[in-house]
Amino acid sequence: MTDQALVELAFTMLEKSYVPYSRFPVGAALEGTDGTVYTGCNVENAAYGSTLCAERTALVKAVSEGCRSFTRLAVVGNSADYCWPCGACRQMLREFGADLEVLAANREGAYVAISLEELLPHSFGPETLG
């Protein structure tokens, strides 16, 4: 799957977002090393701390299906700026490796690619706990 196709798949998730509070839909598509893609959207809750981001939704779907190794993540939002994973999402993704490529897109479909390691420098994961 090309980067562009992964971004387009993430865009299909915007319409499934449940965002009555922020009114900011986000879609994600997470590719496993075996090529399987897991999608997600943000799901808000009146108890704001219970809200799930699109990235974590895709990650939890993947892990619940047995996938533990990932290559790329596309994140899209409905704004002029690129849609970046929040800190909680970055740390959740980091649990499964620092070498993930993140494709952050804007509403026009333009995107930039950056490594998770660049987004979360000096991070820690299960291999650093001792």
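The values are calculated or read from the model by the stated rules, or taken from the named source; none is laboratory data. Bear in mind that the values here come from a model prediction, so they are computed numbers and not experimental data. Here Cβ is always computed from backbone atoms with ideal geometry, including for glycine, and neighbour counts include all displayed protein chains. Side chains are part of the model used for accessible areas, which takes the heavy atoms of the whole protein and leaves out ligands, DNA and RNA. Shrake-Rupley method; radii C 1.70, N 1.55, O 1.52, S 1.80 Å.
Can you tell which of Arg56, Arg107 is among the basic types (Lys, Arg) and farther than 23 Å from Leu129 by Cβ? Talk me through it step by step, then tell me what you get.
Working: Arg56 fails: farther than 23 Å from Leu129 by Cβ.
Of Arg56, Arg107, the one residue that is among the basic types (Lys, Arg) and farther than 23 Å from Leu129 by Cβ is Arg107.
Would you be able to tell me the number of residues in region 1-40 that are within 14 Å of Val75 (Cβ to Cβ) and either part of a loop (DSSP other than H, G, I, E, B) or among the aromatic types (Phe, Trp, Tyr) (or both)?
Let us first name the residues in region 1-40 that are within 14 Å of Val75 (Cβ to Cβ), namely 3, 6-14, 17, 24-31, 37-40.
Add one more test, that the residue is either part of a loop (DSSP other than H, G, I, E, B) or among the aromatic types (Phe, Trp, Tyr) (or both), and what stays is 11-13, 17, 24-25, 38.
Residues flagged as within 14 Å of Val75 (Cβ to Cβ) and either part of a loop (DSSP other than H, G, I, E, B) or among the aromatic types (Phe, Trp, Tyr) (or both) within region 1-40 amount to 7.
Restricting to region 74-88, name every residue that is touching a helix residue (DSSP H, G or I) at 6+ places or on another chain (Cβ under 9 Å) and over 22 Å from Thr12 (Cα atoms).
Ala88
Look through region 113-123, keep the residues that are in contact with a helix residue (DSSP H, G or I) (Cβ under 8 Å, 6 or more places away or on another chain) and under 16 Å from Arg94 (Cα atoms), and return whichever of them is least open to solvent (accessible area, probe 1.4 Å).
Here the answer is Leu116.
Are any residues in region 41-95 outside any helix (DSSP H, G or I) and in contact with a Cys (Cβ under 8 Å, 6 or more places away or on another chain), and if so, which ones?
Of region 41-95, the ones outside any helix (DSSP H, G or I) are 41-47, 51-53, 65-86, 95.
Within region 41-95, Asn42, Cys53, Val75, Val76, Gly77, Pro85, Cys86 meet the criteria.
Write out, first by first residue and then by second, each pair whose Cβ atoms fall under 6 Å of each other, whose residues are 6+ apart or on separate chains, and whose first residue, in region 90-106, is within 14 Å of Gly27 (Cβ to Cβ) while the second is assigned to a loop (DSSP other than H, G, I, E, B) and of a type in the set (Ser, Thr, Tyr).
Partner pairs satisfying both residue conditions: Ala104/Tyr82; Asn106/Tyr82.
Among the residues of region 89-112, how many are in contact with a helix residue (DSSP H, G or I) (Cβ under 7 Å, 6 or more places away or on another chain), on the phi < 0 side of the Ramachandran plot and modelled with pLDDT of 95 or more?
Residues flagged as in contact with a helix residue (DSSP H, G or I) (Cβ under 7 Å, 6 or more places away or on another chain), on the phi < 0 side of the Ramachandran plot and modelled with pLDDT of 95 or more within region 89-112 amount to 11.
I need every pair where a residue in region 107-130 that is in a loop (DSSP other than H, G, I, E, B) has its Cβ under 7 Å from the Cβ of a residue that is among the basic types (Lys, Arg), sequence separation at least 6 or different chains.
Cβ pairs passing all conditions: Leu120/Arg90; Leu120/Arg94; Ser123/Arg94; Gly125/Arg94.
So is Leu103 open to solvent by 10 Å² or more (accessible area, probe 1.4 Å), within 18 Å of Met13 (Cα to Cα) and aliphatic (A, V, I, L, M) or not? Explain how you work it out, then say what you get.
On the way: open to solvent by 10 Å² or more (accessible area, probe 1.4 Å): no; within 18 Å of Met13 (Cα to Cα): yes; aliphatic (A, V, I, L, M): yes.
Considered against the rule, which asks whether it is open to solvent by 10 Å² or more (accessible area, probe 1.4 Å), within 18 Å of Met13 (Cα to Cα) and aliphatic (A, V, I, L, M), Leu103 comes out as no.
Give the number of residues within region 30-52 that are within 21 Å of Trp84 (Cα to Cα) and exposed (fewer than 10 other Cβ atoms within 10 Å of the Cβ).
Summing the residues that are within 21 Å of Trp84 (Cα to Cα) and exposed (fewer than 10 other Cβ atoms within 10 Å of the Cβ) in region 30-52 gives 3.
So which pairs qualify, if the first residue must be in region 27-38 and touching a residue at least 24 places away in the same chain (Cβ under 8 Å) and closer than 11 Å to Leu103 by Cβ, the second must be part of a strand (DSSP E or B) and among the aliphatic types (A, V, I, L, M), the Cβ gap must be under 7 Å, and the two must be at least 6 apart or on different chains?
If the second residue must be part of a strand (DSSP E or B) and among the aliphatic types (A, V, I, L, M), the pairs left are Ala28/Leu73; Ala28/Ala74; Ala28/Val75; Ala29/Val37; Ala29/Ala74; Leu30/Val37; Leu30/Leu73; Glu31/Val37.
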